[in-house]
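Below is one structure, written out as structure tokens; comments come after it.
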Amino acid sequence: MLQIGATASRIAAGGIAEKTRRLAERAEEHLPNSLLTSKNAALLADKLSRLRGAAMKLGQMLSLEGDNLLPAEFARALEALQANADRMPQAQVEEVLSREYGGDWRSRFGYFDFSPIASASIGQVHRATSHAGEELALKLQYPGVAESVDSDVDNLMLLIKMTRLVPQELDLEELSFEVKRQLREEVDYELELSHLLTYTDHVASRPGFRLPRAFPELCTRRILATELVQAPPLLEWSKTAPVAERNAVGKRLLALLLAELFEFRFMQTDPNPGNYLFDATSGEVVLLDFGAARAVPETVSHMYRRALIAVAHGDRAQLCDAFTDLGVIYPGLDPQARDILLDGALFLTEVLGNDADFDFSTTDLSLRMHTHGKQLRRFRNQLRPPPLSYLFFQRKLGGAFLMSRQLGASINCHRLLYETGLLDAPG
């Protein structure tokens with residue numbers, strides 16, 4: 001609370017200075033309010049990176065939504081939160097290990113490296129070996145993170161209200177509830193172990209994917225133990241990979257996304273590229289981090305099925321029905337706003353509706369959709385966002401598009417839809 005309170009005071013002081021400057025220079029105000037400056041954005045991002053825990057996680061979640069949810073100045077600054085957090089000192093690491101395993105924790109391992117190989121918002125990963133010589137990755141949770149979920153989110157929501165970082169129409173109470181719910185799940189490593197085992201069963205019959213083997217006997221509610229996979233990040237591999245291989249992997253990932261939505265009804269909802277490695281020896285994509293995995297409710301699966309089919313066929317009426325059921329379109333909504341929403345979604349027909357390869361690397365589709373969406377600003381007071389429970393699935397879909405673009409892949413998405421049974425085979 002003290003950390004966030006001090007940050008709020010500094011942001012307020014910066015806002016006053018910015019307002020004074022604009023008045024003196026008679027500067028045109030391009031930003032929504034004087035608090036939303038580049039300097040304040042950098043200040044907030046830096047503070048969140050040091051707080052760790054739930055506050056940093058919320059910053060990450062908001063940054064994944066980009067300037068659809070946050071002003072561009074803050075969205076750019078918060079991108080820094082996708083990188084590493086501050087790390088635990090050795091004494092704190094030993095404290096975590098002793099609390100979870102007991103004072104004789106060293107006897108469980110042949111070797112333990114106190115220098116973390118990765119760190120993030122909730123925990124950090126250490127390398128170890130079993131007595132049998134197996135390479136292990138131990139994810140250790142920062143002390144106090146689980147206990148501070150509610151207070152960190154509440155304090156940060158207060159800061160968001162003070163600085164008006166998000167649109168007034170956004171239901172912050174619902175956002176707070178959803179963020180707390182997800183974070184409570186993510187800090188429960190026993191639940192993540194269950195997700196990992198469940199997902200492993202789902203992909204067991206799908207060639208081309210691998211998950212790290214879990215070591216349940218070394219897992220606790222605050223420590224997750226898996227095999228250490230020695231493979232480069234997928235995007236690093238893609239920089240030198242042949243085009244045909246990148247296309248094949250891109251198609252494989254999109255097919256997995258469709259399986260998550262409609263076959264498994266279970267999705268890993270974190271689109272962070274760091275969660276994907278590539279084992280060039282086996283040709284397998286290695287999937288990591290299942291703290292954000294969740295079941296896909298039948299209603300959500302059905303909604304996405306209707307929307308994808310409508311977009312693939314360019315069926316405006318069917319898409320309108322789906323959006324109406326979702327609550328985004330409703331009686332009384334200005335017809336112009338309704339048409340802008342539908343037109344924006346139907347931009348995707350060029351991805352899903354044509355029986356031809358779509359080149360994700362060269363398309364300007366995201367830019368065109370963003371430009372088109374700006375027309376909705378004059379209807380801000382009328383717009384109803386979809387239920388926030390969709391946020392986690394929606395960001396995964398957006399992340400899949402971004403991943404395809406970063407891979408530089410060309411994929412016939414229309415054929416992929418019929419190969420997975422969503423559409424009839426093209427004539």
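Of Ser389, Ser404, all but one fail to be among the polar types (S, T, N, Q) and either over 25 Å from Leu326 (Cα atoms) or in contact with a Ser or Thr (Cβ under 7 Å, 6 or more places away or on another chain) (or both); the exception is Ser404. All of (1) touching a Lys or Arg at 6+ places or on another chain (Cβ under 9 Å); (2) in contact (Cβ under 8 Å) with a residue 40 or more places away in the chain hold for Glu174 with one exception: (1).
Collect the residues in the range 372-391 that are assigned to a helix (DSSP H, G or I) and under 13 Å from Leu175 (Cβ atoms), keeping them in residue-number order. Steps first, answer last, please.
Just the residues of the range 372-391 that are assigned to a helix (DSSP H, G or I), to begin with: 372-379, 388-391.
The answer is Leu388, Ser389, Tyr390, Leu391.
Just so you know, in the range 179-202 the residues that are hydrophobic (A, V, I, L, M, F, W, C) and modelled with pLDDT of 95 or more include one that is nearest to Met157 (Cα to Cα), and it is Leu191.
So which residues in the range 343-369 are in a helix (DSSP H, G or I) and either surrounded by 14 or more Cβ atoms within 10 Å (Cβ to Cβ) or more than 24 Å from the chain's Cα centre (by Cα) (or both)?
Residues satisfying the conditions are Asp343, Gly344, Ala345, Leu346, Thr349, Glu350, Val351, Leu352, Leu365, Ser366, Met369.
Scanning the range 170-207 for residues that are among the charged types (D, E, K, R) and outside any loop (DSSP other than H, G, I, E, B) yields Glu173, Glu174, Glu178, Lys180, Arg181, Arg184, Glu185, Glu186, Glu190, Glu192, Asp201.
Among the residues making up the range 392-417, those that are assigned to a helix (DSSP H, G or I) and farther than 22 Å from Thr299 by Cα are Phe401, Leu402, Met403, Ser404, Arg405, Gln406, Leu407, Cys413, His414, Arg415, Leu416.
A residue that is more than 20 Å from Val285 (Cα to Cα) and among the β-branched types (Val, Ile, Thr) can be found somewhere in the range 206-225.
The values are calculated or read from the model by the stated rules, or taken from the named source; none is laboratory data. Because the structure is predicted, anything quoted here is derived from the model rather than measured. All Cβ positions, even for glycine, are placed from backbone atoms using ideal geometry, and neighbour counts span all protein chains on display.
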